[in-house]
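A.B. asks: Structure in structure tokens, see below.
The values are calculated or read from the model by the stated rules, or taken from the named source; none is laboratory data. The structure displayed is predicted, hence computed values, not measured ones. All Cβ positions, even for glycine, are placed from backbone atoms using ideal geometry, and neighbour counts span all protein chains on display. All accessible areas refer to the heavy atoms of the entire protein, side chains included, with ligands and DNA or RNA removed. Shrake-Rupley method; radii C 1.70, N 1.55, O 1.52, S 1.80 Å.
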Amino acid sequence: MSMAPTREKEALRSDPCLALIGDMVGSRELLPSQRPKIQKRFKEFIEYLNKRYAKDILAKFVITLGDEFQGLLLSATPIPDLMWDIDQRFSGRNLRVGVGFGILHTPIQREAINVDGPALYNARAAIESARRKRSLGGVFVGFGETDEVMNGIAHILSFHRSELTQQQLRIAELMREGRTHLEAAEQLEISRQAVSKQVKSMGWRAYAEAELAWRVFIEKWVNPTLEKKRAKNHG
């Protein structure tokens, strides 16, 4: 009976997954007096990600090098929401993200530590590319022919977000949650007309359609590729 968990882990680690590596932009510029507060928020943010995306996580996100974190995902489904949260829910510094598609060569643990294999190599290549090109919103490597589509949509959405005011971002957050203009107005304590004006001026419809296209692409192309490779491993 003691061999069953070992066999299960061996099979699991041979299956493809998504590895995500993120790091804090310009963390070396922080003053010693600023670092404890930022690190506290960073730790709280990683805890939020682990709770928010628990059902999609293969190995929990964990802080690895002080200003860097990594985790393993079972599927690409949460990526649009994950990129939004990484862009918008950690205040103080921008976070770069690299996502790699591949298998692992090491056993899977509860947290994504001591992990090695193509999934991590691709995630590392992705985060290095993000650093060189100063890209935000996610860089994707190892997805094959879909790399360009994943990166193109991610960067369009990231650029769009970067052009929004703080009030527009708050309204966009509520729109993403399915709130009506009236509900958003009540929560932000502004008029419904003001919300409608901001929704139009920030191009919310175009953003929402692009994000929906990303979700559809992931569900129709990326996840089926992931499942097909898993099925092949067990066939």
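A.B. asks: What angle do you read, to the nearest 10 degrees and between 0 and 90, between the alpha-carbon axis of helix 4-14 and the longest principal axis of the chain?
C.D. replies: Roughly 60 degrees between the two axes.
A.B. asks: Output ³J(HN,Hα) for region 99-112: one whole-Hz value per residue in order, computed from phi by the Karplus curve 6.51 cos²θ - 1.76 cosθ + 1.60 with θ = phi - 60°, and x for Gly and Pro.
C.D. replies: Using θ = phi - 60°, the values come out as 10, x, 9, x, 9, 10, 10, 10, x, 8, 10, 4, 10, 7 Hz.
A.B. asks: If amide H atoms are built 1.01 Å from N in the plane of the peptide, which residues on other chains or at least 5 residues away come under 5 Å of the amide H of residue 94?
C.D. replies: 25
A.B. asks: Here's a follow-up. Summarise the long-distance tail of P(r) for region 107-232 by giving the % of C-alpha pairs beyond 22 Å.
C.D. replies: Tail of P(r) above 22 Å: 52 percent of Cα pairs.
A.B. asks: What order do 121, 207 take when sorted by accessible area (1.4 Å probe), most exposed first?
C.D. replies: Per-residue accessible area, sorted high to low, gives 121, 207.
A.B. asks: Something else about it: Could you go through region 212-219 in sequence order and give the Karplus-derived ³J(HN,Hα) for each residue, using 6.51 cos²θ - 1.76 cosθ + 1.60 with θ = phi - 60°, rounded to whole Hz, and x for Gly and Pro?
C.D. replies: Running phi through 6.51 cos²θ - 1.76 cosθ + 1.60 with θ = phi - 60° gives 5, 4, 5, 4, 5, 4, 4, 6 Hz.
A.B. asks: Right, another one. Given just the C-alpha atoms of region 94-181, how large is their convex hull per residue in cubic angstrom?
C.D. replies: With only Cα atoms used, region 94-181 gives 137 Å³ per residue.
A.B. asks: May I ask for the Rg/Rh ratio of the chain, computed from Cα atoms with Rh as the Kirkwood radius, given to two decimals? Show your work: numbers first, answer last.
C.D. replies: Values: Rg = 19.0 Å, Rh = 18.9 Å.
Dividing the radius of gyration by the Kirkwood radius yields 1.00.
A.B. asks: Under the rule of at least 5 residues apart or a separate chain, name every residue whose amide H is placed under 5 Å from the amide H of residue 143.
C.D. replies: Those qualifying (amide H under 5 Å, at least 5 residues apart or on another chain) are 101.
A.B. asks: Please work out the average accessible area per residue across region 85-209, using the 1.4 Å probe convention, and give it in Å².
C.D. replies: Accessible area per residue: 54 Å².
A.B. asks: A follow-up question, please. Tell me which trypsin sites (Lys or Arg not before Pro) from region 121-158 have a DSSP coil assignment and no more than 14 other beta carbons within 10 Å of their own.
C.D. replies: 134
A.B. asks: By how many degrees, between 0 and 90 and to the nearest 10, does the Cα long axis of helix 118-133 differ from the longest principal axis of the chain?
C.D. replies: Tilt relative to the chain: about 40 degrees.
A.B. asks: How far is helix 166-176 tilted off the main Cα axis of the chain, in degrees rounded to 10, range 0 to 90?
C.D. replies: With rounding to tens, the tilt is 60 degrees.
A.B. asks: Suppose accessible area is computed on protein heavy atoms with a 1.4 Å probe; arrange 192, 52, 28, 176 from highest to lowest.
C.D. replies: Per-residue accessible area, sorted high to low, gives 28, 192, 52, 176.
A.B. asks: Okay, moving on. Per-residue counts of other Cβ atoms within 10 Å, averaged by peptide: what ranking do you get for 55-62, 179-186, highest first?
C.D. replies: Per-residue mean Cβ counts within 10 Å order the peptides as 55-62, 179-186.
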